[in-house]
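K.L.:
Please read through the structure below; I'll follow up with questions.
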Amino acid sequence: MKTPIYYLEEVKKIKGIRNDSQLAKYLKISRAHISLIKKGNTTIGDELCLKIADILKIDPKEIIAANHYAGTESRKLKKFWESIAASFLGSTLLIKEWINLANEGISTLQCILCKKTNYSKM
């Protein structure tokens with residue numbers, strides 16, 4: 001499974017961004033947040049996953065599943081996110097539900113399932 005770092009590096013390649021400071025500015029997040037992601041101390045955050053998916057022109061479920069997989073230590077949750085990643089070409093129901101939750105002001109399923117804090121600033 002691809003890692004959150006992989007997707008950040010892909011954005012840098014596609015956009016011709018040379019360093020993490022420029023990437024942070026482009027994504028409108030702090031440089032410290034990128035450092036925390038790269039160290040494995042936090043995840044990207046679902047809203048930022050959607051933004052990155054749009055930039056990379058990929059199915060958002062792919063990056064969201066990889067992000068959650070990286071952000072949990074629970075074997076059960078890892079298996080769940082792995083199954084989502086494996087089926088991301090299927091139904092779009094799950095991502096639509098995430099978007100609906102976000103639009104209603106609920107942070108994301110990330111907070112509900114793996115109790116991680118979303119540090120992205122959109």
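The values are calculated or read from the model by the stated rules, or taken from the named source; none is laboratory data. This is a predicted model, so every value here is computed, not measured. Glycine also receives a Cβ, built like all others from the backbone with ideal geometry; neighbour counts cover every protein chain displayed.
K.L.:
Applying the selection to the range 7-20, what residues are under 26 Å from residue 86 (Cα atoms) and in contact (Cβ under 8 Å) with a residue 24 or more places away in the chain?
P.N.:
Result: 7, 8, 10, 11, 14.
K.L.:
With the range 41-95 as the region, which helices (runs of 4 or more DSSP H) entirely inside it contain at least 1 residues that are modelled with pLDDT of 90 or more and crowded, with 17+ Cβ neighbours inside 10 Å?
P.N.:
Fully inside the range 41-95 and qualifying: 46-56, 60-71.
K.L.:
Then there's this: Of all the residues that make up the range 21-35, how many are part of a helix (DSSP H, G or I), buried (at least 16 other Cβ atoms within 10 Å of the Cβ) and touching a residue at least 12 places away in the same chain (Cβ under 8 Å)?
P.N.:
Here the count works out to 4.
K.L.:
Let me ask something else. Tally time: how many residues in the range 41-59 are touching a Ser or Thr at 6+ places or on another chain (Cβ under 9 Å) and without any contact (Cβ under 8 Å) to a residue 60 or more places away in the chain?
P.N.:
Matching residues across the range 41-59 total 3.
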